Amino acid sequence: MKYKEYKELDYARIAADMLAFWKEGKVFEQSVSGREGSPTFTFYEGPPSANGTPGIHHVMARTIKDIFCRYKTLKGYQVKRKGGWDTHGLPIELQVEKELGITKEDIGRKISIEDYNQKCREAVMKFTDQWNDLTEKMGYWVDLENPYVTYQTEYIETLWYLLRRLYDKGLLYKGYTIQPYSPGAGTGLSSHELNQPGTYKDVKDTSVVAQFKVKRNEKSEKLFSSAGNGQPATDNDLYFLAWTTTPWTLPANSALTVGKNIRYARVRSFNPYTFQSGDFILAKDLVSRYFSPKGAEVPPESFKPGDKVIPWRMVGEYKGADLEGVEYDQLLPYVKPARPAFRVITGDFVTTEDGTGIVHTSPTFGADDFRVARQHDIPAILVTDENGREVPIVDRQGRFVKEITDFAGMYVKNYDGQDESAPDYRTTDVKIAIKLKEENKAFRVEKYEHTYPHCWRTDKPVLYYPMESWFIRTTALKDRLVELNKTINWKPESTGTGRFGNWLENLVDWNLSRSRFWGTPLPVWRTEDGTREICIGSLAELNEKLMQAVSNGKGVLSEDQLRKNNGMLLKISQGQADLHRPYVDDIFLLSADGRPMFREPDLIDVWFDSGAMPYAQWHYPFENKDIFSKSFPADFISEGVDQTRGWFFTLHAIAGLLFDEVAFKNVVSTGLVLDKNGEKMSKRKGNVINPFEALAKYGPDATRWYMVVNAPPWDNLRFNPEGITEVQRKFFGTLFNTWQFYALYANLDSFRVDKKDPVPVQDRPELDRWIISVLQTLIGEVDGYYADYEPTRATRAIQYFVTEQLSNWYVRLSRRRFWKGSLTEDKKAAYQTLHQCLLTVAQLMSPVAPFFGEWLYRNLAGGSSEATASPSVHLTDWIPSDGLLVDKALEERMDLAQRYSSLVHSLRKKHNIRVRQPLSRILIPVLQEEEKHKIAGVEGLILSEVNIKQVEYIDDTSGLLVKKIKPNFKKLGRQYGPRMKEVAALITALSQDEIRTLEKSGSFGVSLAGESLMLTADDVEITSEDIPGWIVASEDGLTVALDVTISDELRKEGIARDIVNRVQNMRKDMGLEVQDKIRIDVQISDELVNAALEANREYICTETQALELNMHQSLENGQAVDLEDFVLSMKIQSVSV
RNA sequence: GGGCUUGUAGCUCAGGUGGUCAGAGCGCUACACUGAUAAUGUAGAGGUCCGUGGUUCGAGUCCACGCAGGCCCA
């Protein structure tokens, strides 16, 4: 049985062949089932949405996932990985709307919810074939046979169970959030609706800079006792200036927000309407916008009411943080809040681009306001309606409530169709502004043009208005979530501590509600007045409540309602319940006090769907409790960094809230895949890389390897196809050639690796023991990198080993051992060593390059199992690093050999002497005996590599060496600190004699500015850098001198080598096989050449597989061969043996 | 505007705890080497290590402030 040899490296072919092998042998299934009973390593697949086609970045993300699952499998773990599909959500709905040519309004009218949801269900799995194809072609191993699907009833039942648990813990509640709202249409607007073209319009609004009068108390005393800047205290009233383009929200003001790091100025001046004096606080950068330069020059004493130029002086300066907590008087005191309000808080959304750098904050009418108020425990300004409910001061029609006496019943914007061109028309904003002016509460009132969103149906301005919503009270367990996060190993760490950690620190409650159709319905039923409600946690419970409703509901529920309830009961009994809308909307339950309850119409955020996958994928707790307990939490997950606030968060939140656990222990967040210029891929730019084309063109292994080796996965990847071809050439090409080399000669020798009869490692030559030692080191490194989720380091280490150490050093220097003679022990050792290296590389690389690793592994097995226990590399056990085979001293020696060889090469180059020309000797200065021993150990390798006859070592006694001395900065720096420069100068100036004295006695006294210092041997580094009279190369403390005299004999040998080279080329041109024998005929010409031929006949023949070499006076049909200085007529013929 | 992140040769990237190291590969040029080689060796050109300050005897490395790109928010 022979090893397979290949004509060329065909990546696509390798992938296709290995894929077929995996399929046929069910290798993936075996890699999981074969580890039954082993410790588990749990991976969670973040479900992709199959309503779009996969992109190249999915190859990146899935490569990372695959790497660690495969690695852990090799390490003996059972790694189950269930695939999944994310099937709910807005993108799918929008896609279906587009397909059907309808809008949200039409759902339930032109098309029934039932039909619509059916369309969504079909649309969402539209591209599953493409996804499955990509998964397979890129070699991503994940269970596609039994995926979880978020729309399935079992999945939803688990979601309901989880929601019920949250509900029971008091973590699910109905509250409100600020959303765009159209009073004209009486409905909230989604962000999608706001993004319709034409909704944002330029409008002129009345803007007001209002004066908020600071309360003098212990919190503000510092502002009164001194104005800052050393200016005296004042009797002036002190005001914050805050700007708004929605003056109608001012009666709802309950706080002022400043930026923590923004600088604020205190300006002493006068109100431009009332001319009352005052001190005004606003952002320093914006002072010039409100106070004219002229005013700074006018003396304040001379100011009279009515003067055009208003004098001002800056009298103080504060940081935003200094102002935090200062209280002020309510601006428009119509409604008193329930809890303390009216103080300065800090928020990160404050800018100094507009306004005053101080933001008027009304929690009922701004999303930022709402959030920041909640964080600082600022209450909203609310009134109680006739039903006893707390409502904002503007009703749902857009009118002020009666409590806002001066403006009661007025529309805050023109929602009642008033004629705006009428001469006496005043907007409510203007009326408010007038009142403020009169009361010395407005500092500036002006028209302000800006863009503002409008309702696409009514064309009227949108209000930001509190809308009812269901929330998960994530803030209740914020501290715990923060704590738990600290136990998670984030790659990179900054995403965990920074991006995710900060996000957790500033957590707000999770708004769960979505007013859509295709998603998981909220399982909450309520009485009409909201006083009774129930949260359903399972189908069984739903069944029970339905039965109660049916049996007790006569007279309370209508005939139709009862009929629908019975319909659902029937479905449940048949196991065909669909928990989507509209079916759940047709369920009517009874409260404990006998009143009907209706389902809350909301759907839940799809992120809850995916965040609940650890439980729902197993239909926990209704089934698979044991499987769940073994696979929670995940050991490892990986997704794009953009998922930080998406899936990473929802996984973490649900696990933390309900199970007081992390959902994952290790997480790799991957960066983006950009084009080669660092720009985002987009269809518009036409720079999108099609993943199928890339895989077909470059093969999955090279693509995967490139993505990992190029940069750490969390950095953005600039996807450059040239990078892949480089990886192909450099890494895969070299590895392929190494395999070809092995296969070629092993086949010639009919060599097979016999596990039972290896040449003991200690009996193998130095070169073999070296590469084996390096290999062990590599295994340890790669193991550590994989374990540490550092795939880039792993691939770089493997690549360095393969190209530099194995191919470019070991194989290159070992070639002769493979070429010649019979199968000696030395040759066997060489084969076994190379085989072992390749086999190990196949395993080490297999997580990243699963096809090529498999291909190499199977080639090495030679189609039989003689050397390998398993049919697939992916079913093997990790071969651990064997510390006993590591020989650090040997590795060090080899390093010396490589560096000396490189130096000699550079000398040859410098003096234009070809490597084929042998030279007699090199000199190597050695200052220590130990050094000499090290080099002597690899002397032979150096000599053959650089074609030199011998090494001579010269030591101190030769008197030939010129030494160089360098201060040891690290050591001396600590000792001498500021005087380091002088000390360094002193050391560098030491003479050769002084250096010698220092070396001999181990110490040397010098004097620095009259003070005597004692230098010791380890204060300095002494190297030898020159040998006068020789040509010398020196680098990193190594020095070598080359004897360039070429004797006749050397010259002849050089010619002989040239001839060998030419003959080899001719053989190659003739298409001879390596083992074919030849005869050489040469025409006698130059005397020196003849002598060279005669003297090296034996050598030439062996090298070229020539049986005879004949010299002729004349030669017919000779080929003119160009040697360096001669032309030789020569002929070679194949000879059959 | 905020959080995180990146910035080192034409390109892709290395450069623990600050020390005399400004590096590798690719690309370019020249020469060499090659019976595994789309490989390799040697040399050359190419860098105010994004900028400005600061700490220090000493900063690519630490600190501050900027600038530019990216992501996520607002």
- [ ] On the protein heavy atoms, probe 1.4 angstrom, tell me the percent of accessible surface of segment A:311-367 carried by carbon and sulfur.
- [x] 48
- [ ] Output the antiparallel fraction of DSSP beta bridges having both residues in segment A:194-329, as a percent to the nearest 5.
- [x] 85
- [ ] Pull up the DSSP beta bridges for chain A and report the antiparallel fraction as a percent, rounded to 5.
- [x] 70
Task: 10 Å binning of all Cα-Cα separations within segment A:279-351, expressed as whole percents from 0 upward - done: 15, 34, 29, 20, 3
Task: Radius, Kirkwood style, for segment A:873-1015 when every pair of distinct Cα atoms is counted (Å) - done: 19.2
TODO: For segment A:342-479, just the Cα atoms, rotate onto the principal axes and tell me the three extents in Å, largest first.
DONE: 58, 40, 34
Open item on the list: Rounded to the nearest 10 Å², what accessible area does A:Asp642 have for a 1.4 Å probe in the complete protein model?
Closed with: 110
Task: Residue-level accessible surface for A:Trp243, protein heavy atoms, 1.4 Å, Å² - done: 50
Open item on the list: Can you give me the angle between helix A:1048-1070 and the longest principal axis of chain A, using Cα atoms only, in degrees from 0 to 90, rounded to the nearest 10?
Closed with: 60
- [ ] Compute the signed sum of charges (Lys and Arg +1, Asp and Glu -1) over the other residues within less than 12 Å, Cβ to Cβ, of A:Glu804.
- [x] +2
Open item on the list: Restricting to DSSP loop positions (anything but H, G, I, E, B) with no more than 12 other Cβ atoms inside 10 Å of their own Cβ, which trypsin sites (Lys or Arg not before Pro) remain in segment A:256-350?
Closed with: A:Lys308
Open item on the list: Under the √(5λ) rule applied to the eigenvalues of the Cα gyration tensor, what semi-axes describe the equivalent ellipsoid of segment A:1056-1136? Give them in Å, descending.
Closed with: 19, 13, 12
TODO: Taking amide H positions as placed in the peptide plane 1.01 Å from N, state which residues far from A:Phe41 in sequence (5 or more) or on other chains have amide H under 5 Å from it.
DONE: A:Gln78, A:Val79, A:Lys80
Open item on the list: I'd like the accessible area for A:Tyr200, computed on protein heavy atoms only with a 1.4 Å probe and all protein chains in place. Round to 10 Å², please.
Closed with: 120
Task: Computed helical MRE - 222 nm, chain A, DSSP H runs ≥ 4 contributing -39500 (n - 2.57), nearest 500 - done: -11000 deg cm²/dmol
- [ ] For segment A:233-371, evaluate the Debye formula with one uniform point scatterer on each Cα (no solvent term) and list log10 I(q)/I(0) at q = 0.14 Å⁻¹, rounded to two decimals.
- [x] -0.67
TODO: Taking the Cβ of A:Ile107 as the centre, find all other residues whose Cβ is under 12 Å away and add up their charges (Lys, Arg: +1; Asp, Glu: -1).
DONE: 0
TODO: Apply the Karplus parameterisation 6.51 cos²θ - 1.76 cosθ + 1.60, with θ equal to phi minus 60°, to every residue of segment A:129-144 and state each ³J(HN,Hα) to the nearest whole Hz, in sequence, with x for glycine and proline.
DONE: 4, 4, 5, 4, 5, 5, 3, 5, 5, 8, x, 8, 8, 8, 6, 9
Open item on the list: Compute the angle between helix A:559-573 and the longest alpha-carbon principal axis of chain A, please, reported from 0 to 90 degrees and rounded to the nearest 10.
Closed with: 20
TODO: Determine the per residue accessible area of segment A:130-170 with all protein chains present and a 1.4 angstrom probe, expressed in square angstrom.
DONE: 37
TODO: Treating only the Cβ atoms of Lys and Arg (+1) and Asp and Glu (-1) as charged, compute the dipole magnitude of chain A about its Cα centre; round to the nearest 20 debye.
DONE: 1420
Open item on the list: If you wrap a convex hull around the alpha carbons of chain A, what volume per residue comes out, as a whole number of Å³?
Closed with: 273
Open item on the list: Quick check: with the 1.4 Å probe, what order do A:Ser1114, A:Ser112, A:Ser773 take by accessible area, largest first?
Closed with: A:Ser1114, A:Ser112, A:Ser773
TODO: Just the ratio, please: alpha-carbon radius of gyration of segment A:20-81 over 2.2 N^0.38 Å, N its number of residues.
DONE: 1.27
Task: Percent of C-alpha pairs per 10 Å bin, segment A:524-639, short to long - done: 12, 37, 28, 16, 6, 1
TODO: Counting only heavy atoms of the protein chains, get the accessible area per residue of segment A:885-1010 (1.4 Å probe) and round it to a whole Å² value.
DONE: 53
TODO: Express the Stokes-Einstein translational diffusion coefficient of segment A:951-1100 in µm² s⁻¹, to the nearest whole number, given a Kirkwood radius over alpha-carbon pairs, 10 °C and a viscosity of 1.306 mPa s.
DONE: 77
- [ ] Answer with one residue from A:Leu775, A:Ala1095, A:Trp510: the one whose Cα lies farthest towards the positive end of the charge dipole of chain A, charges on Cβ with Lys, Arg +1 and Asp, Glu -1.
- [x] A:Trp510
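The values are calculated or read from the model by the stated rules, or taken from the named source; none is laboratory data. Nothing here was measured: the structure is a model prediction, and the numbers come from that model. As a convention, Cβ positions derive from the backbone with ideal geometry for all residues, glycine included, and neighbour counts pool all protein chains shown. Quick note on the areas: whole protein, heavy atoms, side chains included, nothing else; ligands and nucleic acids left out. Shrake-Rupley method; radii C 1.70, N 1.55, O 1.52, S 1.80 Å.
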